[in-house]
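Student: Next up is a structure, given as C-alpha cells.
The values are calculated or read from the model by the stated rules, or taken from the named source; none is laboratory data. Since we're looking at a predicted model, the values are computed, not measured. Reconstructed Cβ throughout: ideal geometry from the backbone, glycine too, with neighbour counts over all protein chains shown.
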Amino acid sequence: MRHVRITAAKVLAFPVAALAIAALWSLRPATEPSPGNDDFPRVTLSETQPRVAAGEWLLVDARDEAQFATRQITGAISLPAHAYPELLQFFTEDHGKEKTVVVYCDSEHGDAADRLAARLQDEAGLADVRVLDGGFPAWQREQ
C-alpha cells in the first residue's frame with residue numbers, strides 16, 4: 001500500500017487555485033446586456049411611426065399577450081418574452097433579418113425591451129435592433 005504524504009503546501013493549493021479562478025471569472029465580460037443599460041439605440045415615436053407605417057421598420061411589443069390584446073401601438077406585433085423560444089422561428093420566417101426592428105415594453109426605461117432586443121440580435125441574428133425611447137408609456141402620453 002502506498003502512502004501519500006500531505007503537506008501544508010498541498011492543503012493550501014486547492015483553495016488558492018479556487019480563489020484565482022473565482023477572481024478571473026468575475027473579470028469576464030458580460031454576454032448579455034443588463035436591463036436598461038442603453039446598449040441599443042433609442043428611437044423616438046415620431047421617428048418610428050412613419051417608418052413602421054411605410055413598412056420599412058418592424059415594431060415589436062415585448063409585453064405579455066393580455067397587455068397587447070388590451071391596447072398596443074398601431075402596427076406592432078406581439079413577441080412576449082415567455083413565448084420567445086417558440087415564436088422565434090416564425091418571427092424570422094415571417095419578417096426576415098434585414099428589416100430594422102424597434103422593440104418596446106411597458107417600462108419607460110426599456111428593461112424588457114433591452115432584453116428582447118439582445119435576444120433578437122444575438123439569437124435571431126438581426127442586424128439593426130433598436131428600442132423605443134420611453135416605451136409604451138411614451139406612446140400613451142401622446143394619445
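Student: Please pick out the residue among PHE90, PHE68 that is free of Cβ contacts under 8 Å to residues at least 24 places away in the same chain, among the hydrophobic types (A, V, I, L, M, F, W, C) and in contact with a Pro (Cβ under 8 Å, 6 or more places away or on another chain).
Tutor: Of PHE90, PHE68, the one residue that is free of Cβ contacts under 8 Å to residues at least 24 places away in the same chain, among the hydrophobic types (A, V, I, L, M, F, W, C) and in contact with a Pro (Cβ under 8 Å, 6 or more places away or on another chain) is PHE68.
Student: Pairs needed: first member in the range 94-123, under 18 Å from ARG63 (Cα atoms) and in contact (Cβ under 8 Å) with a residue 12 or more places away in the chain; second member anywhere, charged (D, E, K, R) and loosely packed, with under 15 Cβ neighbours inside 10 Å; C-beta distance under 6 Å; at least 6 residues apart or different chains.
Tutor: ALA118/GLU32
Student: Do you know which of the residues in the range 84-108 that are in contact with a Gly (Cβ under 9 Å, 6 or more places away or on another chain) and modelled with pLDDT of 85 or more is farthest from GLU47 (Cα to Cα)?
Tutor: Filtering first and then ranking leaves LYS97.
Student: Moving on. Any idea which residue in the range 43-97 is surrounded by the fewest Cβ atoms within 10 Å (Cβ to Cβ), counting only those that are part of a loop (DSSP other than H, G, I, E, B) and basic (Lys, Arg)?
Tutor: Going through the qualifying residues, I end up with ARG71.
Student: So if I check each of ALA83, ALA69, which one is hydrophobic (A, V, I, L, M, F, W, C) and more than 15 Å from the chain's Cα centre (by Cα)?
Tutor: ALA69
Student: Within the range 33-41, is even one residue at pLDDT below 80 and over 28 Å from ALA138 (Cα atoms)?
Tutor: Within the range 33-41 (the criterion being at pLDDT below 80 and over 28 Å from ALA138 (Cα atoms)), the answer is no, since none of the residues qualifies.
Student: Within the range 99-143, can you find the residues that are within 21 Å of ALA53 (Cα to Cα), of a type in the set (Gly, Ala, Ser) and surrounded by fewer than 17 Cβ atoms within 10 Å (Cβ to Cβ)?
Tutor: Correct list: ALA127, ALA138.
Student: Let me ask something additional. Out of (1) part of a helix (DSSP H, G or I); (2) over 13 Å from GLY135 (Cβ atoms); (3) at pLDDT below 95, what's the single condition that is false for ALA112?
Tutor: All conditions pass for ALA112, except number (2).
Student: Go through the range 126-143 and report how many residues are over 16 Å from PRO80 (Cα atoms), of a type outside the set (A, V, I, L, M) and at pLDDT 90 or above.
Tutor: The total comes to 8.
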